[in-house]
Each structure stands twice: as structure tokens, then as C-alpha cells.
Amino acid sequence: MAPAPERQLTVRAIVTGFVLGALLAPCNIYTGLRIGFSFNMSIAAALLSYAWWNGLHRFGAAKHWGLLENNINQTAASSAASILSAGLVAPIPALTLITGHEMSYPVLALWVFTVSFAGIACALAVRRQMLEREGLPFPNGVATAETITEIYARGREAASRVRALLGAGVLSGGIFLYGAFIKTLPNLGPPANWGFKAPANVAAQGVERVSWRALGVELQPSLLLLGFGAIVGPRVGVSLLLGTLIAWMALPEQLLARGWAQPALGGLSWYEVMLEWLLWPGVSLMVAGALTSFALSMVKIFKAKLARRRGRYVDTDPETSAADEAANAPGGARYFSKKWFMVMVAVAFVSCVVAQQWIFNIPLWLGTVAFGLSFLLAVVAARVSGETGIPPIGALGKITQVTFGFLSPANTTVNLMTANVTGGAAGQCSDLLHDLKTGKLIGASLRAQIVAQMFGILAGSLAGCAAYLILIPNPQEMLLTEDWPAPAVATWKAVAEVLAEGLDTIPDGCGPAVVVAVVIGVVLACLESLLPPRHRHWVPSASSLGFAFIIPPFISLGIFIGSMLRVIAERFWKHWSAKYLIVLAAGLVAGESLAGVVQAVISFFKAGL
């Protein structure tokens, strides 16, 4: 008698993924608005659920938590955590800053769920082409599959990883809460007299000297920044440091002397007044680099496809296609009926178009164009993410903003929210395909994963929107400040304003700086694409370089130090780093993020009393 198949889509798998997703989604909302980065939560969710359920199993209080069941859990949790790609840290707050339009919690959650549901439909549409016919690597999905498999092969080591994850989270969150509620922890930085003498026009306004610390060149007691630095690595860290040296230490004196920036008077911070000018070259550098990298990636993919058609590439595993066909046939692990797929597309289409018209008064024909464009861009996003592991959400968002800038000129609501649909759905699609890659590698059921993703985006919509509204109750006063730099919001807002109002929105002196930034962005992206892989890490990241113009210097410095700690750890403790470094870093990020959400919740309820 054949053994019973391993359980996958169980109630506890869905509930566990739902709960973990609801906890982890606010972490990404917090970090996305605060430092502009987010983190894939798949491995953290897999480790935490493994520790919980198999801990109960050892005491006879629960059944064994199997590998495939854990995969359903991490699929739901990671889908929830990636909810920020549906607009919560970019177009939605940008719309509020420009127009004052704010959505209530039910409407916001419905909108975010609708965009994310379209992303699931897009992922189903391109799945077979990307995962099976072309076999794109989807590196995050491969890493998750390898980690989950290793967890079940080496249970004792998995337990030590869980302890490291939880310990780092408790330490990071504890330090944050201590500084928030008990005693403010000091920042570290250069002496107050280090800086530059104020130009004559500024000195006449009563400011004799500008210190580096006033400009934000200091270190804050944030383990979250060290954790992110360890995750993103030295190339991003050094690029952020270089951008900080240029934007916040070399340029301010010249900007003040020429009158292009004003001193921080009347309670304003130096970050806010400098950002008004630095925003534009920073955004230009990021957009130019992202679009150039995107274009070059598409050229490479197109060339590879042509080469395959000409027979240059030979399939080294002739059984692969037959195995894939069997898995996708009725009754196979990856079978999903065309009828249900068409139902999903129809529901996604109607809900997206109606939601755009109902919430934002976007004409039905423009809503239809936005939905159709989301499927086209999903192909692009899936290809780029499948090759590199990085979904090009920023670049796709800008392409859509420009497209609708022509279709509906001077309408910032149409510009931002149609781009929210297309960029958000395409970004969510590329994230979800990494989960499906994991499932393909470990033999999971596609239907079960799709159900898990639906529950995941529901959890993410409910928890992520609640976190956003609690963290940022007043976007127009709180965002684009030193506490909440929200770099993605700044980028989307800047592009929308230029498309609506023209170049008159750019401050004095920014024109030449924007041109230089665009050239640098294009050159760096070309070098990164054209150089051999062993030399690419020496090329500064255009996105990170531009990022440093927009975020406060202390964020860049913290991430840089974290990246250097990773270099040291990998140099002297290579084996230990391979097992524990990313897990510890994830714990530092999640711990402080959750603590930040807790602080916001407490402040929210205190304000209501």
C-alpha cells in the first residue's frame, strides 16, 4: 500500500502563514517608509513556523510540521509581507502629498487587495513561460527552497538558527523600545564644531557655522540599519557612503553660497531644506540608472531568446519538458484549470477597473488600459526578476507614469493610481513567482500555493494598511522628513509633479545637476551590465548613489557600517556567516520594525484618549 501523500493545504498552514504575514507585513511598511528598503520574509516565516509546530510536536501537542505544509505557510507569509509593492510606500502616500486625498481603512485595504489580486492573476498568466519553458532561475525562490530543505535535513541546526533569529529580534526591538519609552539613547557623530563656515549670505541671516551633525552626519543607535547593511552587502553600503559624502558633505556649502538652498530657520531641519534641492539630482540618478539597467536587461534577454530559437542552446535534460507536461496535466502537482484562471482574470479586471473609477474617478477606458498594461509589464518584471532576483518596480512605475502622462496630461491622480495598478500588479507578480519557483523545486501543489497567496495578500492588506495608517496618521506633515524620509514616495511625487506641471517645478540650479545625474546613472548602469561579473562589484550602484541624496545621512552611514561588518564576518568566520549571518540580520530588522509599529500603536491610542 502506497504511503499517504504529505499534507500541504491545511488549516493550520494557512492560519500560521496568515498570522506570520500579518506580523511581518508591517515590518516592511515600516522599513519601506523609513529607509526605503524591504526584505523577503520567506525564510524567517519558515524558521519561525518550524520552531513553533515541531516544538509542540515534541511534546505531543501537535502533528509533525511537514516540509510542504511549511511551504504553504511561507508562501502566505511572504505574499503578505510583499504587500508594500501594491503602493503603500510609494504612489498612495505620494497622492496624499500632492492632492490631499486620503483613503479610509476599508477603502485602502480593498484597493491594496485588488491590486495584489491582479498580481496573482498576472503570475498565473506568465508562470509556465517563465518557470518551465525558459527555466529562469528566480534566485530568491531557489534560496528559499534550499533553506527549507536544509531545515528538515538538519533539524538541530534549524533550531539554532531560530534562536539566533529570535535573539536578534528581541535585542533589536528591546533597544528601540528602551530608547523610545525609558531613556533616549545618544547619537554618535563628529564634534559639533566640525563643518564649514556659513557663506556671507547665510551668515547675514544669523547662521555663522553649519556643522556636519546638523546635516545629519551621525550614527543613531539602530540595529535595524546594521541588519539591512548586512543583508544588502558592501556594494550598496559603499555606494550609499559615496552618495552621502557628495550630497551631504560636499554640496551643501555651494548650495547655500549660490542661494539655491536656504538655511534651516524657523524650526525647520537642515534635512528638509536641503532635500528640496537634493531630491532632484537624486531622483534623476535613480530613475536613469533603473531605466538603463532595465533596458539592458531586456536586450540581454531578447538576445538569449534569439539564440535559443537559432538552436545555439541545447536542452541538456530532455526529460524536463516531459516531466513538466505531466506535472501540468490534470491531476498533476502544477495543474491549474483554464476555467478557474479565466475566472480569476475576469474578477481581477472588473475589480481593478471599477475600483479605479469608484475610488479615484478614473475613466473606465483608462482603467482598462492600466489593467491590460499590467499584464504586459508583468512579463517584463518577471523576466528581470527571474534573471536578477530584483523586481524592477521603480523603473516600471516610471514607465507607466510617463505613459499616462501622455494619455491624461496634468492629472496627477490618474498618473499615480494607474501606475499603482500596473507597477503594483507587475511587482507583486514577480514576487509571487519566486514562491512558485520554490514550490516547483520541492514538488508543492500549485493550486495550494495560489490559495495560500490569496490568504497572504488578504493578511497583508488588512495588517499592512492598518500599520500604514497608524504609523503615518498625517502624511503631509510626517513624510519626507528626517524621521520618515520615504524615498520611494519622494521619487513618485517628483515624477508626477514634473509630468503635471513641467520643468518649472525644479528648483534653481537643478537643471545642470539633473543632466549630470542622468549621465552618471546611465554610465554606471552600462558599466554594471557590460563588465565581466568579477569586476561588477567595483561599480557603484546608481540606485544606491541616488538614494543617498534623498535619505538622511545617518541611514546611509548605518547601512554602510552593517555592510562592512558583513565583510569582516565573511572574511574571518566564513562557515558561521553562511549559516547565521542573514538570519541574524533578518532578526535585527524584524525586531526593530515590530518595535516601531508597537510604539506607533501605543502613541495612536494615547492620542485618542
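Scan 424, 439 and give me the residue that is assigned to a helix (DSSP H, G or I) and more than 15 Å from residue 74 (Cβ to Cβ).
Working: 439 fails: more than 15 Å from residue 74 (Cβ to Cβ).
Residue meeting the stated conditions: 424.
Suppose we filter 120, 29, 72, 83 for residues that are assigned to a helix (DSSP H, G or I), surrounded by fewer than 24 Cβ atoms within 10 Å (Cβ to Cβ), touching a residue at least 24 places away in the same chain (Cβ under 8 Å) and aliphatic (A, V, I, L, M); which single one remains?
Residue meeting the stated conditions: 120.
Can you tell me which of (1) farther than 19 Å from residue 424 by Cα; (2) small (Gly, Ala, Ser); (3) at pLDDT below 90 is the one residue 90 doesn't meet?
Residue 90 satisfies every listed condition except (1).
Inside the range 86-102, can you point out the residues that are on the phi > 0 side of the Ramachandran plot and either surrounded by fewer than 24 Cβ atoms within 10 Å (Cβ to Cβ) or among the β-branched types (Val, Ile, Thr) (or both)?
100
Would you check if there is a residue in the range 212-229 being outside any loop (DSSP other than H, G, I, E, B), closer than 25 Å to residue 280 by Cβ and either at pLDDT 90 or above or among the aliphatic types (A, V, I, L, M) (or both)?
So far as the range 212-229 goes, no, none of its residues is outside any loop (DSSP other than H, G, I, E, B), closer than 25 Å to residue 280 by Cβ and either at pLDDT 90 or above or among the aliphatic types (A, V, I, L, M) (or both).
Per-residue answers, yes or no, for (1) closer than 17 Å to residue 549 by Cα; (2) of a type outside the set (Val, Ile, Thr); (3) in contact with a strand residue (DSSP E or B) (Cβ under 8 Å, 6 or more places away or on another chain); (4) surrounded by 22 or more Cβ atoms within 10 Å (Cβ to Cβ):
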{"site": "168", "(1), (2), (3), (4)": "no, yes, no, yes"}
{"site": "210", "(1), (2), (3), (4)": "no, no, yes, no"}
{"site": "229", "(1), (2), (3), (4)": "no, yes, no, yes"}
{"site": "245", "(1), (2), (3), (4)": "yes, yes, no, no"}
{"site": "257", "(1), (2), (3), (4)": "no, yes, no, no"}
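Residues that are part of a loop (DSSP other than H, G, I, E, B) and either buried (at least 22 other Cβ atoms within 10 Å of the Cβ) or of a type in the set (Phe, Trp, Tyr) (or both): does the range 392-406 have at least one?
For the range 392-406, residues part of a loop (DSSP other than H, G, I, E, B) and either buried (at least 22 other Cβ atoms within 10 Å of the Cβ) or of a type in the set (Phe, Trp, Tyr) (or both): present.
Which residue is nearest to residue 291 (Cα to Cα), if the candidates are limited to the range 417-473 and must be among the small types (Gly, Ala, Ser) and surrounded by fewer than 24 Cβ atoms within 10 Å (Cβ to Cβ)?
Only one residue tops the list, namely 466.
Listed here are the residues, each with its yes/no results for (1) small (Gly, Ala, Ser); (2) surrounded by 14 or more Cβ atoms within 10 Å (Cβ to Cβ); (3) in contact with a Leu (Cβ under 6 Å, 6 or more places away or on another chain); (4) over 30 Å from residue 67 (Cβ atoms).
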| site | (1), (2), (3), (4) |
| --- | --- |
| 154 | no, no, no, no |
| 193 | no, no, no, yes |
| 204 | yes, no, no, yes |
| 225 | no, yes, no, yes |
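Would you check which residues across the range 124-148 are closer than 30 Å to residue 55 by Cα and either without any contact (Cβ under 8 Å) to a residue 60 or more places away in the chain or exposed (fewer than 15 other Cβ atoms within 10 Å of the Cβ) (or both) and list them?
146
Filter the range 547-565 for residues that are at pLDDT below 90 and assigned to a helix (DSSP H, G or I); which is surrounded by the fewest Cβ atoms within 10 Å (Cβ to Cβ)?
Filtering the range 547-565 for residues that are at pLDDT below 90 and assigned to a helix (DSSP H, G or I), the one surrounded by the fewest Cβ atoms within 10 Å (Cβ to Cβ) comes out as 550.
The values are calculated or read from the model by the stated rules, or taken from the named source; none is laboratory data. Nothing here was measured: the structure is a model prediction, and the numbers come from that model. Glycine also receives a Cβ, built like all others from the backbone with ideal geometry; neighbour counts cover every protein chain displayed.
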